[in-house]
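The values are calculated or read from the model by the stated rules, or taken from the named source; none is laboratory data. What you see is a predicted model; the values in this text were computed from it and never measured. Please note: Cβ atoms are built from the backbone with ideal geometry, for glycine as well, and neighbour counts cover all protein chains shown.
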Amino acid sequence: MEEANTAPAILVETVGIFETNCYFVYPKEAGTLYIIDPGGDPEKLLETAASFRNVAQYRILLTHAHVDHISGVGEVAGKLGIPAVFLHPADLDLYRSPENALLPYLPPAQNLPPTQWPPDMEDFTILTTPGHTPGGVCYYFQSMNALFSGDTLFSGSVGRTDLPGGDYDSLMRSIREKLLVLPEKLAVFPGHGDQTTIGIEKSFNPYLAH
């Protein structure tokens, strides 16, 4: 992979059989490189991380703890010397559960590091958005006009709530009260699928019709 520009940047790698979007967010040169939801293919993610220069430190941010969003965490954290990852405490049981698997495709994640909460929020704001999971969150990097929505909000859809811990009413309340009040031109980077904006979802997402 070519070396990433040392200016502020957002890169995405789509990983794993469920095509999870892992984001590399670099708000300022010689600052922190945030790795959001390293869900698989750790070798590819480590190669992308190495393409950034002048990184002061690495941080792993998790939007939630489903296995397709954490399967690369152990190896990426270990190779980059990250002692703990950031995960909302309401998803800690899911993070550690041996039942957090999608057999036969994905076994439980291995060698998971400890979690911390909350992270240092110098570069972003945390929006708690339970519904897809109890501890689901979104990360709002205002200086980059970027919202990383995990599996809460997608282009033309919303997160599923039929898995253990899911709650449809909570999800819709999270989206309406926390996300749709944000600027309409805000770019939304979801956990799967294509980038969108708050305005597009307010106008065209069939799950959000008023």
Next on the checklist: Just to be sure I understand the filter: pairs with C-beta atoms under 9 Å, separated by 6 or more residues or on different chains, first member in the range 170-185 and without any contact (Cβ under 8 Å) to a residue 40 or more places away in the chain and surrounded by 13 or more Cβ atoms within 10 Å (Cβ to Cβ), second member assigned to a helix (DSSP H, G or I) and not basic (K, R). Which pairs pass?
Outcome noted: R176/L208; L180/I198; L180/E201; L180/L208
Item to check | When residues of the range 108-128 are limited to those that are assigned to a loop (DSSP other than H, G, I, E, B) and among the hydrophobic types (A, V, I, L, M, F, W, C), the one surrounded by the most Cβ atoms within 10 Å (Cβ to Cβ) | outcome: A109
Checklist entry - Is the range 129-149 home to any residue that is in a loop (DSSP other than H, G, I, E, B) and surrounded by fewer than 14 Cβ atoms within 10 Å (Cβ to Cβ)? => result yes
Next on the checklist: Restricting to the range 150-167, name every residue that is surrounded by fewer than 20 Cβ atoms within 10 Å (Cβ to Cβ) and among the polar types (S, T, N, Q).
Outcome noted: S155, S157, T161
Checklist entry - Name the pairs: first residue in the range 52-65 and at negative phi and in a loop (DSSP other than H, G, I, E, B), second residue of a type outside the set (D, E, K, R) and surrounded by fewer than 17 Cβ atoms within 10 Å (Cβ to Cβ), Cβ to Cβ under 7 Å, at least 6 apart or on different chains? => result R53/T6; A56/A30; A56/G31
Item to check | A30 vs. criteria part of a helix (DSSP H, G or I) and either surrounded by fewer than 21 Cβ atoms within 10 Å (Cβ to Cβ) or in contact with a helix residue (DSSP H, G or I) (Cβ under 8 Å, 6 or more places away or on another chain) (or both) | outcome: no
Next on the checklist: Contact list please: Cβ distance under 8 Å, first residue in the range 130-151 and aromatic (F, W, Y), second residue at pLDDT below 95, pairs at least six apart or on different chains.
Outcome noted: none
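Would you check which residues across the range 162-182 are in a loop (DSSP other than H, G, I, E, B) and not aliphatic (A, V, I, L, M) and list them?
Filtering the range 162-182 for residues in a loop (DSSP other than H, G, I, E, B) gives 162-167, 180-182.
D162, P164, G165, G166, D167, listed by residue number.
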